Number of protein chains: 2
Amino acid sequence: MVKLIYCINRKPGMSVEEFQRYWRETHGPIAARLPGLRRYVQCHTLPELYTGKNTPAYDGAAELWFDDMAMLQQAMASPELKAAREDERNFVDHSRTFSIVTEEKLVVE
Amino acid sequence: MVKLIYCINRKPGMSVEEFQRYWRETHGPIAARLPGLRRYVQCHTLPELYTGKNTPAYDGAAELWFDDMAMLQQAMASPELKAAREDERNFVDHSRTFSIVTEEKLVVE
């Protein structure tokens, strides 16, 4: 299995609460349609960490698992990915977005 | 549960293979001693993605789960964390390291 980690920030002017709600309730079901997607977890930065002048490095990380690189590449070329990318315009500021494709090594279960 | 995501890069001059071996075989068991650690996964950027001029954004992401913020903070203040940080000098370049503390929202199981 390969695991894509995709770190994102919310659009300027959007509250953390709005961002988290949109990501989970609206975007989640859209991204969930990606072909070959074996598992999909959204990691939401804890709201209580936005205190005073403290700005977390990212508002969250999406994690998507596929059987292998070929399946990931198929998903990335799919119309479902295009739809998900289009929906990101509604809540993601891509100026600092990045992704890495990884293999998990379990150390402590 | 809270989940710490910690994105890291290898020291200059270290190969991807050396970095991954050190991280897994030497650092993994050291970090695994953190008090209150419920789960620990290392996500290693796929070696085949280092091609030509292509440089992945990060060499990997460590993911550490704790029961709650209080347990995470205890771990961060522990001598075991100090030992893990000291060992990082052997393989991590911290110029772009960042971490976020998150809550997981499962979308597709």
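The length gained by stretching the chain between A:E18 and A:F98 to full extension, at 0.36 nm per residue less their Cα-Cα distance, is 26.6 nm. Taking max minus min of the alpha-carbon positions on each principal axis, the stretch B:45-109 gives extents of 44, 37, 16 Å, largest first. The alpha-carbon of A:K3 sits under 16 angstrom from the alpha-carbons of these aspartates and glutamates, leaving out residues fewer than 8 places away in its chain: A:E63, A:D67, A:D68, A:E103, A:E104, B:E48, B:D59, B:E63, B:E104, B:E109.
Semi-axis lengths, largest first, of the ellipsoid equivalent to chain A are 24, 18, 11 Å, with √(5λ) applied to each eigenvalue of the Cα gyration tensor. Classify the protein assembly as shown as rounded, prolate or oblate, taking a ≥ b ≥ c as the square roots of the eigenvalues of its Cα gyration tensor: rounded when a/c is under 1.5, otherwise prolate if a/b is larger than b/c and oblate if not. It is oblate, given that a/c is not under 1.5 and a/b is not larger than b/c.
Taking amide H positions as modeled 1.01 Å from N, with prolines and chain starts lacking one, the residues under 5 Å from B:D59 and 5 or more places away or on another chain are B:I8, B:N9, B:R10. Put simply, the amide H of B:F98, placed in the peptide plane, has neighbours under 5 Å in B:C7, leaving out anything fewer than 5 places away on its chain.
Here, each number is a calculation from the coordinates, and none is a lab measurement. Since the structure is predicted, the reported quantities are computational estimates derived from the model, not experimental observations.
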